[in-house]
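Structure, as structure tokens:
The values are calculated or read from the model by the stated rules, or taken from the named source; none is laboratory data. Computed from a predicted model, the values in this text were never measured in an experiment. No Cβ is skipped: glycine too gets one built from the backbone with ideal geometry, and neighbour counts run over all protein chains shown.
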Amino acid sequence: MSRQTTKVFLPVLLVAFAGGVILAEYFFAPQILSTLGSELKKLGVLIFSMSMIVGLVGISINSYKKISRRAPGEWYLHVWLLALLYVWVIVGLIYTPTHDFYQWLFANFITALYQAMLALPAMSLFVAIYRSYKVKFELNTILLTASFLLVLFAGAPLGEAIWTGFTPIRSWIINVPTASAERGLIITMALGVIGLSLRTIFGIERTWLGILRVPTATEEEGEGE
Amino acid sequence: MLEPLGTWIALAFTVMILSFGLYKQNRFFRFAEYTAIAASLGNGVVVAIRYIYSTFVEPPMTQGGLSILYLLAVVFAALLFLQFVGEYRWASRYPMAIIVGVGLGVAARTSLETEVVKQVWAAMIPISGSGMDLFNALLSFVITISVLAYFLMTPKYKGNFSYLLKAAQAFLFVGFGAKLASAIPMYVAWASGRIQFILKVVGLM
Amino acid sequence: MSSLLEGVKKDRFYVSWILVIIMFLSYLVPLGIPVTIRDPTREVYQFLNTLPADSKPLLLSLDFTAGGSPEIRPSMMAVVKHAISRGLKFVVIGIGTDESTALMQSLFDDSGVEDTYEYGVDYVGIGYIPGGEITVAALAQDFSSVVETDAYGNKVSDLALTKDIKDWKDFSAVIPFDSAGVHMFWVRNWTPYDIPYYGSFTAGSEPRYVAFYNSGDIDGYMAGLRGGAEYEILTGFLSTGVKSMDMQSLTHLYAFVVLVAGNVVLYVFKKEGK
């Protein structure tokens, strides 16, 4: 079997098979398609969950490289990362995620860290509005600003308490122009997704393989992969 | 004893992370950042291992028998790890092919019904009635058509079609303003979690 | 004017600190501004308030992260407490993030469900199921193919509530609570079926999902923290959602002030050629 067959053709054929069965299962009735589709989905879920463990291996290799060459300013952080990571995995396998001790770890590490992390974009957004939001006297900017201010004021109870008119205006902006524009975007993006999916399933789109074009046989002979 | 210790740990991490926004990049922030990565990945691995064991390992062991699916799953899972072995990196394309094929198949089949057919159906509201109802129906129709034309037909910037383009841009900007205004409560809500925590720790809430 | 220019260079710190101070003050000095209830939230409430107690279980999907929980958790907590008060059974699952299992346990602990309900009969916590959209699609058509055990190691085929669940027909409604950006998976894969669909998502996603609400795919929703506060008021289970509304009002006002201040500074310095 040539390299091109095993490295390119067979994976592409596998995508066509998996995608084809999933599509056919939705539109056609035979039980065999339903069974095959169900099994493929289970396989897909398993491979998806394995990716976490692949991530563990990947980050371990990356951190090990940084530690072994004593990357300045960060090698000790990688030591801490690996230590905490493996301790966490061991603790999590001994105590289930529903155990009180794991809940304690989760609340005081993950919840604290990520809630604080997600507080940073709020500050950045306000700084961005302060620095970058330039109100110019052109139609698009005026519409943007008017829509922004009307929805902003009606979005919180204070605005509604100041003037009850904000609420119906906000409702109109959200339900008519925004929803209609969004509908156009949704249809366009969905057509793009369907197009990309069909191109990939039929083997025309192969960027997921990590290559931009299929190499010829002579080019392949010179390649390491 | 664990509870007060946990509170101090959470408070310390909160201050370390917020120091980036309220002061500047510093070592404590980087330490907290690496801690977050380790904890989050650790949690993900724990959950994944437990799921794989309970769904794919324990049933064959307790019920006996090996299905073809189980064998395929073991083979494909092993192939995923070959991406770290330079010469055999291409072998990880096989399990990726399953994910890509199944994922795209699932996305495509339901996109057509939910995001295309039903949205087109919703756009085809009768342009009738009077007053605001008529105005809203007409405006919705015009906006949907112009935005679709803007993205699908890429009308030219000159000539009569440029008006369609400019109209679509104007309507999109109205939507962007609404989206920006909707993003603000989202971000401040996320930030409020730690604010409430700090207030509870100091006994003010 | 040069000191003002110096101040402008440090504007990032002033803007951020003032925001944080405003948020702190809003919790310390509550204004008590009344919150009006919007129709989409009312529709969720109406549905759950009229659903008979002996209905099929609700499918609640916990798809928010620990970071996003301040925004979405209030609505989920209010819905869970409402369901308990009405005797409605529910199954909690998570597909958006691997933090679902731990967050689900925290939700059970804080809602007091264990004091009122019997596990396995009235409620089941399955926790996180990996796979994203593949899992959501599989859940609708063949539930047991991707759900073998719950978060506590019990087989779902042994639990009274879940042993007969095969597909979407065995649920009375599906309500995903999303901040992880996976709500579209549910909309795509569950709305084609004839099952009541309600949702809770971030405020920033509302403009997107309004199109699906208007097309009838989504029967009702709670948008962001405001949606959670509205549901708390409707059910009477007042908590962090309602308490945070003053914070939201003041930060919105601050956003307007920041916008005006930024443009004033820009035009002042532009005029001076700086």
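All of (1) surrounded by fewer than 24 Cβ atoms within 10 Å (Cβ to Cβ); (2) touching a residue at least 60 places away in the same chain (Cβ under 8 Å); (3) of a type outside the set (A, V, I, L, M); (4) within 14 Å of chain B (Cβ to nearest Cβ) hold for C:SER106 with one exception: (2). Filtering the range B:88-121 to residues that are more than 29 Å from A:ALA190 (Cα to Cα) and facing chain A (nearest Cβ under 7 Å) leaves B:ARG89, B:TRP90. Being surrounded by fewer than 18 Cβ atoms within 10 Å (Cβ to Cβ), among the aliphatic types (A, V, I, L, M) and assigned to a loop (DSSP other than H, G, I, E, B) is a condition met by no residue of the range C:149-158.
Taken as a whole, the condition of being within 9 Å of chain B (Cβ to nearest Cβ), among the polar types (S, T, N, Q) and part of a helix (DSSP H, G or I) applies to A:THR6.
Matching residues to (1) touching a Phe, Trp or Tyr at 6+ places or on another chain (Cβ under 9 Å); (2) buried (at least 22 other Cβ atoms within 10 Å of the Cβ); (3) at the interface with chain A (Cβ under 8 Å from one of its Cβ atoms):
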residue: B:GLY131; (1), (2), (3): no, no, no
residue: B:VAL147; (1), (2), (3): yes, yes, yes
residue: B:MET153; (1), (2), (3): yes, no, no
residue: B:ASN160; (1), (2), (3): no, no, no
residue: B:GLY177; (1), (2), (3): yes, yes, yes
residue: B:MET186; (1), (2), (3): no, yes, no
residue: B:ALA191; (1), (2), (3): no, yes, yes
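Contact map, the range A:53-76: residues that are more than 9 Å from every other protein chain (Cβ to nearest Cβ) paired with residues that are assigned to a helix (DSSP H, G or I) and among the β-branched types (Val, Ile, Thr), Cβ distance under 7 Å, separation 6+ or inter-chain. Pairs shown: A:ILE67/A:VAL79; A:TRP75/A:ILE67. Just so you know, in the range C:48-75 the residues that are in a helix (DSSP H, G or I) and within 14 Å of another protein chain (Cβ to nearest Cβ) include one that is nearest to the chain's Cα centre (by Cα), and it is C:ILE72.
Listed here are the residues, each with its yes/no results for (1) without any contact (Cβ under 8 Å) to a residue 24 or more places away in the chain; (2) touching an Asp or Glu at 6+ places or on another chain (Cβ under 9 Å).
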residue: C:THR116; (1), (2): no, yes
residue: C:ASP122; (1), (2): no, no
residue: C:THR135; (1), (2): no, no
residue: C:ASP142; (1), (2): no, yes
residue: C:GLU148; (1), (2): yes, yes
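Taken over the range B:177-205, the criterion of being in contact (Cβ under 8 Å) with a residue 40 or more places away in the chain and among the charged types (D, E, K, R) is satisfied by B:ARG194 alone.
Check the range A:82-105 and report whether any residue there is at pLDDT below 95, farther than 30 Å from C:TYR14 by Cβ, part of a loop (DSSP other than H, G, I, E, B) and facing chain B (nearest Cβ under 8 Å). There is at least one residue in the range A:82-105 that is at pLDDT below 95, farther than 30 Å from C:TYR14 by Cβ, part of a loop (DSSP other than H, G, I, E, B) and facing chain B (nearest Cβ under 8 Å). Counting only helices (runs of 4 or more DSSP H) that sit wholly inside the range B:90-205, those with at least 1 residues that are hydroxyl-bearing (Ser, Thr, Tyr) and not assigned by TED's automatic domain parsing to the domain that holds B:LEU22 are B:93-111, B:131-152, B:161-201. Only one of the listed residues (B:ILE143, B:ILE127) is away from chain A (no Cβ under 12 Å) and among the β-branched types (Val, Ile, Thr). That residue is B:ILE127. Among the residues making up the range A:195-225, a single one is of a type in the set (A, V, I, L, M), at pLDDT 60 or above and within 17 Å of B:GLY86 (Cα to Cα): A:LEU209. Of all the residues in the range C:24-39, those that are in contact with a Leu (Cβ under 9 Å, 6 or more places away or on another chain), touching a residue at least 40 places away in the same chain (Cβ under 8 Å) and more than 9 Å from chain A (Cβ to nearest Cβ) number 4.
Across the range A:122-137, the number of residues qualifying as more than 7 Å from every other protein chain (Cβ to nearest Cβ) and assigned to a helix (DSSP H, G or I) comes to 3. Kindly indicate the residue of the range B:1-46 that is of a type in the set (Phe, Trp, Tyr) and closer than 16 Å to B:ARG194 by Cβ and also nearest to the other protein chains (Cβ to nearest Cβ) among those meeting that condition. Within the range B:1-46, the match that is nearest to the other protein chains (Cβ to nearest Cβ) is B:PHE13. Only one residue in C:GLY131, C:GLY127 is touching a helix residue (DSSP H, G or I) at 6+ places or on another chain (Cβ under 8 Å) and assigned to a loop (DSSP other than H, G, I, E, B), so which one is that? Just one listed residue meets the conditions, C:GLY131. Only helices (runs of 4 or more DSSP H) whose full extent lies in the range C:182-244 are considered here, and the ones with at least 1 residues that are within 11 Å of chain B (Cβ to nearest Cβ), in contact with a Pro (Cβ under 9 Å, 6 or more places away or on another chain) and of a type in the set (A, V, I, L, M, F, W, C) are C:183-190, C:206-214, C:224-235.
Could you run through the range B:47-68 and say how many residues are within 11 Å of chain A (Cβ to nearest Cβ) and more than 32 Å from the chain's Cα centre (by Cα)? The qualifying residues number 2.
Return the residues of the range B:31-88 that are among the polar types (S, T, N, Q), out of contact with any helix residue (DSSP H, G or I) (no Cβ under 8 Å at 6 or more places or on another chain) and either surrounded by 14 or more Cβ atoms within 10 Å (Cβ to Cβ) or on the phi > 0 side of the Ramachandran plot (or both); say none if nothing qualifies. Of everything in the range B:31-88, just one residue is among the polar types (S, T, N, Q), out of contact with any helix residue (DSSP H, G or I) (no Cβ under 8 Å at 6 or more places or on another chain) and either surrounded by 14 or more Cβ atoms within 10 Å (Cβ to Cβ) or on the phi > 0 side of the Ramachandran plot (or both), namely B:SER54. Taken together, the residues in the range A:147-197 that are within 7 Å of another protein chain (Cβ to nearest Cβ) and under 23 Å from B:ASP133 (Cβ atoms) amount to 15.
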